[in-house]
């Protein structure tokens, strides 16, 4: 049987339905599956030990900011009456889920792969700190929503994987400040921002960029959706929802093509690297 | 003592940051499973249905859930979501059914079970009966003595109601074991397999803010389901 | 066995329809009391505090709560909160205290008790130690020997954290019985009266989504409070 990979999801609240819910982007699970792992998502932070016992590896996905109290810092100064949006968004419940799971998998010696916020969680769990907002605190303009070049550190697993440099996407406003103990920098952007880290001995690594989008239409979809301003007027949203729900409940007809991803993305080097660590049973990777 | 692993089907949505196609699960469902002593997990990839069936002890098909961070994206979501979601859920249901592992369907999940067994639905029954069952009302229900639901809660109890569709023709091998006052099916069970469905939301009938507050506590229902999953 | 009636102090807010002055209570406080076997009630009229004292077996002073249907109206509340709400809460507290009935203070309620007993606060202590205690984190804490907190949670424990102010001078008759890992007071207990208060939120450390999820559950604290309230109207 394939190794079992546990993924963490986002923590959301819908004021319309008064419901708290979990959420995960489809591309994360698909990327894990394409690399040969069975992908499931954790659903209760109290069960961190059970999840760590059952799974073979942990994928900490991207999301909102980590509460600064978790890395012994204070919220950066911000005037809530300024009319400007706050430069940070955090989720109390997500912090607990991610940190508890990360700690449990570290204790079990099992592989951990962090993406975006996930990489920052790894850094915090090992005692590191973060810059809370790159433009305000670091006074740097880091690329947002566009690709940029990163340079990889010789001697790291990611260097062996991607070469001395690579082009990656960028969707983050926070960055690693002090590195946690036992961690080393595996990639840096040209402006000095940490883009990847690895543990010196444990099978744990993280990347600041979003590799789950590679080989998918995620970026296309993102740009297309960003351009949609108004719904077309001729569609009745209530009727549309009703018909859609009816479709959903109907028994699906086998053999009829869906607009689902029929082919899983494969050959994603970073995900392949993670699955290699998992398949090795979590022994040292370098 | 090993806790049973319960797979919970998801709903389609978009995430806030990338507006990317995503899956969601209302926390009330996983909380109900944890409280009853199970380990809830979310399956993520269609092609891995066989792996999920092998690792899990039971399947929960929840009610309809959706989330669109920007209303102008609702159409793009509706067009894409329902076929993919329908296929995934069908595959999951059929795979579990084949193994004989327990399945619990709630609201749209119950309707899905009915359709998978070749039953049909009325898509807007309020005009038939002139009674609103949608968007959260409480009403009473009469259950058949000897049914699994009557064994838990007796033959007369209050439930919540959030549905606009109803079961019309009951699927093969299924029977209706509870009705609302005006004869709307509220609970189904399979005659032989450990497959159960409720038109109401038992995951909301427990915890700190049970709905309805005067209703029966649903913890015995989830405990019964988990017990079935353990065997 | 009759369930104890717990009077729950409210927070000032405006309603959505009329934007009139209103009172609110976060459901989690009431849910915690119900789950522990009590009957939570909210007092409404300041002149009726003597009747509430007779009716109630115990008092809960919750954390800061507020709600405005539109952000621009939050200024309207400031004046209202700090005079009417403050007076109401003082009167309630002093009445229950004088009657020797149990009082549980949470977060701002804990700070209120401290000030009512002559103590004071540091209003923005984040710059002292440089660790954020506000807006939802969890941290370790240590409980003093021979205290209720120690009995409930053991010597070392973990609690949630939602406060920007901290206790400074401790009110007379009160003793700090729990401190965070960085030394910030996290709970006080009265030396003789059945009054305890926590800087953290025990009503969130229970239920379906406990914070912290790794525990401990606050059940033992609320059990004690229920028991004390059951005994308060006897004799």
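The values are calculated or read from the model by the stated rules, or taken from the named source; none is laboratory data. Since we're looking at a predicted model, the values are computed, not measured. So basically every Cβ, Gly included, is an ideal-geometry build from the backbone, and we count neighbours across all protein chains shown.
What tally of residues in the stretch B:1-10 results from selecting those that are touching a helix residue (DSSP H, G or I) at 6+ places or on another chain (Cβ under 7 Å) and closer than 15 Å to residue B:63 by Cβ?
2
Exactly one condition in (1) in a loop (DSSP other than H, G, I, E, B); (2) more than 19 Å from residue C:101 (Cβ to Cβ) is false for residue C:171; which is it?
(2)
Hey, can you tell me all the residues within the stretch C:40-49 that are assigned to a helix (DSSP H, G or I) and surrounded by 11 or more Cβ atoms within 10 Å (Cβ to Cβ)?
C:46, C:48, C:49
What tally of residues in the stretch B:159-175 results from selecting those that are within 21 Å of residue B:59 (Cβ to Cβ) and assigned to a strand (DSSP E or B)?
Summing the residues that are within 21 Å of residue B:59 (Cβ to Cβ) and assigned to a strand (DSSP E or B) in the stretch B:159-175 gives 3.
Only residues that are closer than 26 Å to residue A:264 by Cα and either surrounded by fewer than 21 Cβ atoms within 10 Å (Cβ to Cβ) or at pLDDT 95 or above (or both): list them for the stretch B:28-45, please. Spell out how you get there, then give the answer.
Kept after step one, since they are closer than 26 Å to residue A:264 by Cα, are these residues of the stretch B:28-45: B:40-45.
B:40, B:41, B:42, B:43, listed by residue number.
With the requirement that a residue be out of contact with any helix residue (DSSP H, G or I) (no Cβ under 6 Å at 6 or more places or on another chain) and crowded, with 19+ Cβ neighbours inside 10 Å, what does the stretch B:213-223 give you?
Listed by number, the list holds a single entry, B:215.
Suppose we keep only residues that are more than 7 Å from every other protein chain (Cβ to nearest Cβ) and outside any loop (DSSP other than H, G, I, E, B) within the stretch A:8-37. Which one would you say is surrounded by the fewest Cβ atoms within 10 Å (Cβ to Cβ)? Quick ask: steps written out before the conclusion?
Start the filter on the stretch A:8-37 by keeping residues that are more than 7 Å from every other protein chain (Cβ to nearest Cβ), which leaves A:8-9, A:11, A:13, A:15-18, A:28, A:31-32, A:34-37.
Adding the requirement that they be outside any loop (DSSP other than H, G, I, E, B) leaves A:11, A:13, A:28, A:31-32, A:34.
Working: A:11: 22, A:13: 13, A:28: 30, A:31: 30, A:32: 31, A:34: 25.
The qualifying residue surrounded by the fewest Cβ atoms within 10 Å (Cβ to Cβ) is A:13.
Would you check if residue B:147 is at pLDDT 90 or above, farther than 21 Å from residue B:30 by Cβ and away from every other protein chain (no Cβ under 14 Å)?
So residue B:147 fits the description; yes.
For the stretch A:142-196, please list each of the strands (runs of 3 or more DSSP E) lying entirely inside it that holds at least 3 residues being surrounded by 15 or more Cβ atoms within 10 Å (Cβ to Cβ).
A:148-152, A:183-189
Could you grab me the full set of residues in the stretch B:49-68 that are more than 9 Å from chain A (Cβ to nearest Cβ), surrounded by fewer than 20 Cβ atoms within 10 Å (Cβ to Cβ) and either out of contact with any helix residue (DSSP H, G or I) (no Cβ under 6 Å at 6 or more places or on another chain) or assigned to a strand (DSSP E or B) (or both)?
B:50
Give me a count of the residues in the stretch B:172-197 that are more than 21 Å from residue B:216 (Cα to Cα), under 16 Å from the mean Cα position of the chain (by Cα) and within 14 Å of another protein chain (Cβ to nearest Cβ).
Total meeting the criteria: 1.
Among the residues of the stretch A:110-118, is there at least one that is modelled with pLDDT under 95 and over 17 Å from the mean Cα position of the chain (by Cα)?
Checking the stretch A:110-118: not a single residue is modelled with pLDDT under 95 and over 17 Å from the mean Cα position of the chain (by Cα).
Give the stretch C:28-49 a look and list any residue that's free of Cβ contacts under 8 Å to residues at least 40 places away in the same chain and more than 22 Å from residue C:97 (Cβ to Cβ), or say none.
C:30, C:34
When you check residue C:161 against the structure, is it within 12 Å of chain A (Cβ to nearest Cβ), closer than 18 Å to residue C:105 by Cα and free of Cβ contacts under 8 Å to residues at least 60 places away in the same chain, yes or no?
yes
Is it true that residue B:14 is surrounded by 24 or more Cβ atoms within 10 Å (Cβ to Cβ) and more than 7 Å from chain A (Cβ to nearest Cβ)? Outline the logic, then answer.
Working: surrounded by 24 or more Cβ atoms within 10 Å (Cβ to Cβ): yes; more than 7 Å from chain A (Cβ to nearest Cβ): yes.
Judged against the criteria, residue B:14 is a match.
Against the condition closer than 18 Å to residue A:40 by Cβ, facing chain A (nearest Cβ under 8 Å), surrounded by fewer than 22 Cβ atoms within 10 Å (Cβ to Cβ) and touching a residue at least 12 places away in the same chain (Cβ under 8 Å), how does residue B:5 come out, does it pass?
Considered against the rule, which asks whether it is closer than 18 Å to residue A:40 by Cβ, facing chain A (nearest Cβ under 8 Å), surrounded by fewer than 22 Cβ atoms within 10 Å (Cβ to Cβ) and touching a residue at least 12 places away in the same chain (Cβ under 8 Å), residue B:5 comes out as yes.
Within the stretch B:70-123, how many residues are more than 9 Å from chain A (Cβ to nearest Cβ), part of a loop (DSSP other than H, G, I, E, B) and farther than 10 Å from residue A:250 by Cα?
Number satisfying all stated conditions: 4.
Mind checking which residues of the stretch A:132-166 are within 22 Å of residue A:205 (Cα to Cα) and within 18 Å of the chain's Cα centre (by Cα)?
The answer is A:132, A:147, A:158.
Go through the stretch C:191-215 and report how many residues are in contact (Cβ under 8 Å) with a residue 60 or more places away in the chain and either more than 12 Å from chain A (Cβ to nearest Cβ) or under 18 Å from residue C:227 (Cα atoms) (or both).
So the first thing to find is which residues in the stretch C:191-215 are in contact (Cβ under 8 Å) with a residue 60 or more places away in the chain, and the list is C:193-204, C:206-207, C:211-212.
Filter again for either more than 12 Å from chain A (Cβ to nearest Cβ) or under 18 Å from residue C:227 (Cα atoms) (or both), leaving C:193-200, C:202-203.
Counting residues in the stretch C:191-215 that are in contact (Cβ under 8 Å) with a residue 60 or more places away in the chain and either more than 12 Å from chain A (Cβ to nearest Cβ) or under 18 Å from residue C:227 (Cα atoms) (or both) gives 10.
Looking only at the stretch C:52-62, decide whether some residue is more than 14 Å from chain B (Cβ to nearest Cβ), in contact (Cβ under 8 Å) with a residue 24 or more places away in the chain and farther than 16 Å from residue C:101 by Cα.
In the first step, residues of the stretch C:52-62 are kept if they are more than 14 Å from chain B (Cβ to nearest Cβ); the result is C:52-62.
Adding the requirement that they be in contact (Cβ under 8 Å) with a residue 24 or more places away in the chain leaves C:52-53, C:55-62.
After this cut, where a residue has to be farther than 16 Å from residue C:101 by Cα as well, the list is C:62.
Checked the stretch C:52-62: at least one residue is more than 14 Å from chain B (Cβ to nearest Cβ), in contact (Cβ under 8 Å) with a residue 24 or more places away in the chain and farther than 16 Å from residue C:101 by Cα.
Touching a residue at least 60 places away in the same chain (Cβ under 8 Å), over 27 Å from residue B:176 (Cα atoms) and touching a strand residue (DSSP E or B) at 6+ places or on another chain (Cβ under 8 Å) - does that describe any residue in the stretch B:81-88?
Checking the stretch B:81-88: at least one residue is touching a residue at least 60 places away in the same chain (Cβ under 8 Å), over 27 Å from residue B:176 (Cα atoms) and touching a strand residue (DSSP E or B) at 6+ places or on another chain (Cβ under 8 Å).
Please state which one of C:151, C:158 is part of a helix (DSSP H, G or I) and either closer than 22 Å to residue C:33 by Cβ or in contact with a strand residue (DSSP E or B) (Cβ under 9 Å, 6 or more places away or on another chain) (or both).
Just one listed residue meets the conditions, C:151.
Determine whether the stretch A:90-103 contains at least one residue that is outside any helix (DSSP H, G or I), more than 10 Å from chain C (Cβ to nearest Cβ) and surrounded by 19 or more Cβ atoms within 10 Å (Cβ to Cβ).
No, the stretch A:90-103 contains no residue that is outside any helix (DSSP H, G or I), more than 10 Å from chain C (Cβ to nearest Cβ) and surrounded by 19 or more Cβ atoms within 10 Å (Cβ to Cβ).
Restricting attention to the stretch B:32-48, does a residue exist that is more than 10 Å from chain A (Cβ to nearest Cβ), under 30 Å from residue B:155 (Cβ atoms), out of contact with any helix residue (DSSP H, G or I) (no Cβ under 8 Å at 6 or more places or on another chain) and outside any loop (DSSP other than H, G, I, E, B)?
Checking the stretch B:32-48: not a single residue is more than 10 Å from chain A (Cβ to nearest Cβ), under 30 Å from residue B:155 (Cβ atoms), out of contact with any helix residue (DSSP H, G or I) (no Cβ under 8 Å at 6 or more places or on another chain) and outside any loop (DSSP other than H, G, I, E, B).
Yes/no per residue for (1) in contact with a helix residue (DSSP H, G or I) (Cβ under 6 Å, 6 or more places away or on another chain); (2) over 29 Å from residue A:221 (Cα atoms):
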{"residue": "A:81", "(1), (2)": "no, yes"}
{"residue": "A:88", "(1), (2)": "no, no"}
{"residue": "A:101", "(1), (2)": "yes, yes"}
{"residue": "A:119", "(1), (2)": "no, no"}
{"residue": "A:123", "(1), (2)": "no, yes"}
{"residue": "A:131", "(1), (2)": "yes, yes"}
{"residue": "A:154", "(1), (2)": "no, yes"}
{"residue": "A:168", "(1), (2)": "no, no"}
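Scan the stretch C:55-66 and tell me whether some residue there is part of a strand (DSSP E or B), under 20 Å from the mean Cα position of the chain (by Cα), surrounded by fewer than 18 Cβ atoms within 10 Å (Cβ to Cβ) and at pLDDT 90 or above.
No - not one qualifying residue is present in the stretch C:55-66.
Just one of B:132, B:192, B:142 is in contact with a strand residue (DSSP E or B) (Cβ under 9 Å, 6 or more places away or on another chain), in a loop (DSSP other than H, G, I, E, B) and surrounded by fewer than 21 Cβ atoms within 10 Å (Cβ to Cβ); which is it?
Answer to the selection: B:132.
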